[in-house]
1. I want the antiparallel fraction of DSSP beta bridges within the chain, as a percent rounded to 5.
2. Give the percent of DSSP beta bridges with both residues in segment 3-243 that are antiparallel, rounded to the nearest 5.
3. Give me, ordered by chain and number, the residues 5 or more places off Gly105 or on other chains with an amide H under 5 Å from its own placed amide H.
4. Loop only per DSSP, at most 13 neighbouring Cβ atoms within 10 Å: give me the GluC sites (Glu not before Pro) in segment 82-111, ordered by residue number.
5. Which one, Leu337, Leu224, Ser313, projects farthest toward the positive side of the charge dipole computed for the chain from Cβ point charges (K/R +1, D/E -1)?
6. Starting from the Cα gyration tensor of the chain, multiply each eigenvalue by 5, take the square root, and state the resulting semi-axes largest first in whole Å.
7. Would you work out the charge dipole size for the chain about its Cα centre, treating the Cβ of every Lys and Arg as +1 and the Cβ of every Asp and Glu as -1, and quote it to the nearest 20 debye?
8. Which of Ile267, Ile87, Ile153 moves the most in a Gaussian network model of the chain with Cα springs under 10 Å?
Amino acid sequence: MPVYLNALGLNCALGQGKQAVATALFAGDSSGMQAQSGWVAERALTVGAVPGHLPELPELPGHPPSRNNQLLLAAALEIEPELRAAITRFGAERIAVVLGTSTSGIEEASQSIAEYLKQGELPEHYHYAQQELAEPANFLSDWLGLSGPCFSISTACTSGARALLSAQRLLNLGVCDAVICGGVDSLCRLTLNGFTALEAVSAERCNPFSVNRHGINIGEAAALFLMTKEPMTIEALPGSAAWSAVSRSAVPIALLGGGACSDAHHISAPQPDGLGAQAAMRKALAAAGISADQVDYLNLHGTATTHNDAMESQAVQAIFPSGVACSSSKPMVGHTLGAAGALEAAFCWLTLSEYNPEQLLPPHLWDGQADLALPALNLVQPGTRLSNSRPHRLMSNSFAFGGNNISLLLAEAPGEQL
C-alpha cells in the first residue's frame, strides 16, 4: 500500500535545508564539489562535503560525538515540529526509526585507533558505540524519547532506499503509526581509501554516462522523512510558537512502492547485462500498479564508473524502450553511499513539492560526450520541466555492492489531509 512522506529534512553538498538544496539542485549547481587533500595519501580528491556549521550534539549517555550524528541531527532539527507533533498524536511507542548508513562514526573511531597505534592506548573519549552501525538510529530515537522499533540498515549504496522500503513495510503491517526514515553518511578516510584502492575514484568532478567517465566522487549527506499511512497536517499547538513553522509539502507526496532484489553477481561489480537492475525496476512498477510509460522522470544511480553506467543504460533501455527523462545527481553531491538512496528519493520529493515552483527536473551534468557503445539515454538538459499531465510519478534507482538493487516510485498523491 502507498504511504505518505509528510516532511523532509536534509543536507548535502548542495546546502543545508530544503530551500537551499532545491535552489542549487534545479540550477545544476555543482560548486559544492571541491578538491580536498588529506583524505588519501599524496592525492587531492573531489568530494561533496556539507557546507556550513553543524549543530552541537546534546549529551546523551552512550552516544559519543560523531559528524555522522551531527548531519543527522541537522536534518532532524529541520523537521522537529513535525516529529514532535507525530509523537504527540501517536505516542512514543508507536513511532519507529529506520535509517540507512555505511560509515556511522567510523571516521572518529579510526582516529582513535590511529592514536592507539602510536601511543599504545586508546584516548579517553573513544567509545565503541561511535562506529556501531545502529548508532544513528539509536541516537535519533533517544534524542526524541521514542520507544518504538529502532534499527539501522547497512546494504552499502542501497541502505537509504532500503530504509524507506522497510519503513513502508512496518506501516503496512501495523507495527507502528509513523516511521522516521532515511539515510546518513559522513565523509571518512576509510571509505575514500577503500574506493581509491578499487581504482574507482575520480580526482575531478564525476562524468556519468560520458565516454570520458573514469570514476566516482564521494559525498556526505543526511535525508530524513516522516512517513505515515495517511497524509498529515501539522497544526500549531496552542501557546507554542515553535510549532508554527511547518515544512511539509503542500501537495501530499506518496511512496507508491518499490522493488528490491539481489543478483549476487559479484562482491563489487554490477551484473553486466543489468538483469538485476531491471528486476528491481519491474518490481517497483508492479508494486505501484503503473506501467513504465507513466513514469515522468528517473533519477539514475549514475556513478560514472565504467561498469555501472554500462549496466544501468542497458537496464533503463530495456524497461523504458520509448525513453524516459533521466539524470544522475552525483556530479552535484557525490556518491553519498548509505545516504544515497534516501537523498535521491529526497530529490524526487523536492521535484514534486512547492520548493520547485517552476516544475524543473534535476539536470544531468556531464561533458556531453556520449559513449556510443551504450544505449542512448534521454538525459535531462538544464531548464527541462515536468509535463503538464498529472499526477507526476518519479523513480529513483540505487544499486550496491553484492548485487543489491532497489528502485523507488514517488508520486503526487491526491487525498484529504488529516
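Rule-based calculations on the coordinates, nothing more; no lab input. Predicted model only: the values in this text are computed from it and were never measured. When we count neighbours, we look across all protein chains shown, and the Cβ atoms used for this are built from the backbone with ideal geometry, even at glycine.
1. Approximately 70 percent, going by the DSSP bridge assignments.
2. Antiparallel bridges: around 65 percent, rounded to the nearest 5.
3. For Gly105, whose amide H was placed from the backbone, the distant partners under 5 Å are Gln131, Glu132.
4. Details: sites: Glu82, Glu93, Glu107, Glu108; in loops: none.
Counting only loop positions with at most 13 other Cβ atoms within 10 Å, none of the GluC sites (Glu not before Pro) in segment 82-111 qualifies.
5. Result: Ser313, furthest along the dipole toward the positive end.
6. For the chain, the semi-axes come out at 30, 28, 19 Å.
7. 740 debye
8. The residue with the greatest mean-square fluctuation here is Ile267.
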